[in-house]
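Contents: one structure, followed by commentary.
Since every read-out is calculated from the coordinates, none of them should be taken as a lab result. All figures in this text were calculated on a predicted structure; none of them were measured in a lab. Heads up, the Cβs are rebuilt from the backbone with ideal geometry, glycines too, and the neighbour counts pull from every protein chain shown.
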Amino acid sequence: MWNLNLQQRIDGVWNSKNTEEFLEHVHSTGLMYLLDLELGNEPNHYSHKHTMVNVTGSEIGKDYISLKEVMDSYEELADSKLVGPETAGFEGEKVKKLFRDFVTTCESKLSAATVHQYYFNAEEGEQIDYTNVTIFNELQRFIVKVKREYNHEDLPLWLGESGASYGRDETGITEKYGGGFIWLDKLGLAAKSGVSVVVRQSLYGPKPLLDKEMNLTQIIGFLMSIKSLLEQQ
């Protein structure tokens, strides 16, 4: 999944020039069939960062329609996925309105609608939080809130970025056995609640899910994911 820059705008409209150049380059490599795309990341947080342009859900939806037109010009992208809007959390009317307006504007162009969900900040969490059933149940409440605003049964819902906690995990809990239960519970509960895909985001820090040599560093999370898949077969 490639994330394109939503901030490249002219007069309030997304400028596709850089994306078109990128696609032309990939086209020259013969690897276009590997591309799935999304545009922007956590747009409901843009207003918190002075270097970013604030955009509405309807505006992003129109930008996605423009992106889909670019994608449709390549036969190799006929089966590629286009997902969004990758909103962070789902608290407050602002993010709910952005999500609603986005999906309403460009639903027919989307392969899935995406949201991000974490349970807590790793810098504030304690080891006991990773086995706290009350915290586990927050995911169910989160999914219910999203689906209240959703009302699009034919459009799959993804957790486009997720994990146990966000932020820097100085304790290393997520790499240990005790940190695996909350992730395994998330996979099962998401599947039970009709969420089609859960995308694991490794925590910021010196040990992401894979190192530069593509070796697994968070083996517990990986094994828990494989266990979940095998049990569903």
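List the extent of the Cα atoms of the stretch 1-110 along each of their three principal axes, largest first, rounded to whole Å.
43, 27, 22
Determine, for Asp79, Asp101, the number of other Cβ atoms within 10 Å of each Cβ, and report the residues in order from fewest to most.
On the way: Asp79 9, Asp101 17.
So the ranking, lowest neighbour count to highest, is Asp79, Asp101.
Just to confirm the filter: which trypsin sites (Lys or Arg not before Pro) across the stretch 113-175 are DSSP coil and have at most 14 other Cβ within 10 angstrom of their Cβ? Don't skip to the answer; put the middle values down first.
Numbers: sites: Arg141, Lys145, Lys147, Arg148, Arg168; in loops: Arg168.
Answer in residue order: Arg168.
Using a 7 Å offset from the Cα along the Cα-to-Cβ direction at both Ser196 and Thr131, what is the distance between the two label points in nm, to one decimal?
Taking the simple label geometry, Ser196 and Thr131 are separated by 3.7 nm.
Roughly how many whole Å is it from the C-alpha centroid of the stretch 97-143 to that of the stretch 48-94?
Answer, in whole Å: 18.
In nm, to one decimal, how far is the Asn15 label point from the Met1 one, both placed 7 Å along Cα→Cβ?
2.7 nm
Counting other Cβ atoms within 10 Å, which GluC sites (Glu not before Pro) in the stretch 54-97 have at most 14 and lie in a DSSP loop? Working shown, then result.
On the way: sites: Glu59, Glu69, Glu75, Glu76, Glu86, Glu91, Glu93; in loops: Glu91.
Qualifying residues, ordered by number: Glu91.
Net charge near Lys145, counting Lys/Arg +1 and Asp/Glu -1 over other residues with Cβ under 15 Å of its Cβ?
Working: positive: Lys94, Lys96, Lys97, Arg100, Arg141, Lys147, Arg148; negative: Glu91, Glu93, Glu138, Glu149.
Summing Lys/Arg as +1 and Asp/Glu as -1 gives +3.
Can you tell me how much longer the chain between Asp79 and Gln140 gets when fully stretched, taken as 0.36 nm per residue apart minus their C-alpha distance, in nm with one decimal?
Numbers: separation 61, 0.36 × 61 = 21.96 nm, distance 3.12 nm.
Result for the pair: 18.8 nm of gain on full extension.
Distance cut-off 30 Å, Cα to Cα: go down the list Lys17/Lys192; Lys109/Lys176; Lys68/Lys147 and report the pairs above it. Walk me through the numbers before you get to the answer.
On the way: Lys17/Lys192 41 Å; Lys109/Lys176 40 Å; Lys68/Lys147 25 Å.
Pairs exceeding the cut-off: Lys17/Lys192; Lys109/Lys176.
Rounded to whole Å and sorted largest first, what semi-axes of the equivalent ellipsoid does the C-alpha gyration tensor of the stretch 58-153 yield via the square root of 5 times each eigenvalue? Write out the running numbers ahead of the final one.
Details: eigenvalues 202, 48, 27 Å².
Working through the eigenvalues yields semi-axes of 32, 15, 12 Å.
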